[in-house]
Amino acid sequence: MKAVAIFIASAVLAIIAAIALLSHMMPPGEGSFGMAKLAPLILMVLIPVCFCLIWFPANLAVWLSLTREQKDKATGTKRILAFSGTLFVLTLAVSGYFLAPQWFHRVHFYYKLEDQFGQPVSGATIRRHENFTPATGDTESESDAQGLFQESSKPGESFSLNPRKAGYALASLNANGAYTEELRQKQKLAHGAHDLIVVKMWKMQGAEPLLSFNQTLRFHYADAPLRLDLLAGKLVESGGDLKITVNRPPGEISGRHQQDWGVRVEAIDGGVVRSSWDEARVAHAAPQDGYEPSDTQTASSNRTGVDVIQQMYFIQSRNGQVYSKAWLTFGINEKPDGPMSLELRGVANTNGSRNWEGDPNTMQAQ
């Protein structure tokens with residue numbers, strides 16, 4: 001009777017322990033959706049594992065509480081103790097085999113913070129977000145006098161870093177890390193040598209007034225180029241910053257009638273540099289060079305669907321008097337006689353300066 005009670009109590013505790021472990025394994029937010037699908041299967045594995053780890057200590061505790069005479073008579077209890085002990089050892093061995101990488105395998109990341117002049121950024125606070133998600137469990141470290149700091153990661157872990165220092169802002173897209181077995185093997189064979197990851201910080205020189213724009217324009221398709229004034233947020237007859245040429249085939253363009261179409265973006269008295277939203281977010285100054293007179297995008301190469309073309313540009317226009325970063329979204333007209341759309345989002349420095357430090361969309365230092 002006592003053995004049955006121990007068995008039932010161990011089973012109940014195993015269920016509670018398995019549920020607690022599963023809830024701890026579930027990542028926060030939307031990341032838990034994939035894990036939620038596997039939750040029943042994971043729970044089915046955790047319950048017997050927890051039971052085997054709990055049942056033997058419970059039996060052992062009862063066995064130790066018995067007197068010598070009771071132990072001599074309790075032959076059934078001896079068999080149960082031996083059986084549960086065997087399960088306990090086997091479970092520990094199997095669990096250890098699968099969990100050993102989680103305990104012992106690590107990769108290490110070595111970072112250096114530098115400003116745009118190549119000088120180390122010392123004393124910066126580096127906040128680490130697990131799984132790229134800010135949370136209450138975030139950890140912090142600090143860069144040393146040479147701007148150096150380290151992070152490590154176990155199997156299944158990935159993280160992003162948010163370095164902060166007064167007067168500086170993040171200007172790099174490589175402030176992150178993730179465990180890979182390939183990287184672990186590489187570091188194992190390197191025998192202490194390591195690659196240095198340089199993360200750029202932007203040392204603020206002083207924000208200048210910027211003009212922001214956020215408009216949606218609608219217009220009818222035409223073979224002739226259209227002139228776009230970014231500062232006024234409208235199409236104009238002359239002047240402007242960009243010349244837009246739409247290449248549209250005849251007929252309907254839709255999911256049922258998929259046809260390729262394209263847009264040519266040409267800077268007026270300047271040039272353009274194709275970029276990305278993430279790169280523009282940490283760009284605190286316009287590029288000094290690398291501008292091309294124009295850029296052409298097609299719906300098939302843009303990979304945003306048959307009816308939309310989106311692209312971020314760094315733009316120099318008006319003979320170097322205006323430096324802009326603009327997110328352009330073109331929506332094609334489904335019917336030939338319907339209107340097209342163009343959404344403009346971005347900022348411009350109209351002072352002949354490449355300074356974008358005042359852009360509210362950039363990750364400013366706090």
If you go through GLU157, GLU181, the only one that is surrounded by 13 or more Cβ atoms within 10 Å (Cβ to Cβ), at pLDDT below 90, more than 20 Å from PHE314 (Cβ to Cβ) and out of contact with any Pro (no Cβ under 6 Å at 6 or more places or on another chain) is GLU157
Query - Test result for TYR97, closer than 30 Å to TYR179 by Cα, among the aromatic types (Phe, Trp, Tyr) and not assigned by TED's automatic domain parsing to the domain that holds ALA145 - result: yes
* Is it the case that segment 253-272 has a residue that's of a type in the set (Asp, Glu), surrounded by 17 or more Cβ atoms within 10 Å (Cβ to Cβ) and in contact with a strand residue (DSSP E or B) (Cβ under 9 Å, 6 or more places away or on another chain)? -> yes
When restricted to LEU13, LEU41, LEU22, the only residue out of contact with any His (no Cβ under 6 Å at 6 or more places or on another chain), modelled with pLDDT of 90 or more and either in the same structural domain as LEU90 (by TED's automatic domain parsing) or part of a helix (DSSP H, G or I) (or both) is LEU13
**Prompt:** Is it true that ASP337 is in the same structural domain as VAL265 (by TED's automatic domain parsing), in a loop (DSSP other than H, G, I, E, B) and modelled with pLDDT under 95?
**Reply:** yes
Those residues of segment 100-120 which are surrounded by 11 or more Cβ atoms within 10 Å (Cβ to Cβ) and either of a type in the set (Lys, Arg) or assigned to a helix (DSSP H, G or I) (or both) amount to PRO101, GLN102, ARG106, LYS112
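The values are calculated or read from the model by the stated rules, or taken from the named source; none is laboratory data. Given the structure is predicted, the values throughout are model-derived calculations rather than measurements. Backbone-built Cβ (ideal geometry, glycine too); neighbour counts: all protein chains shown.
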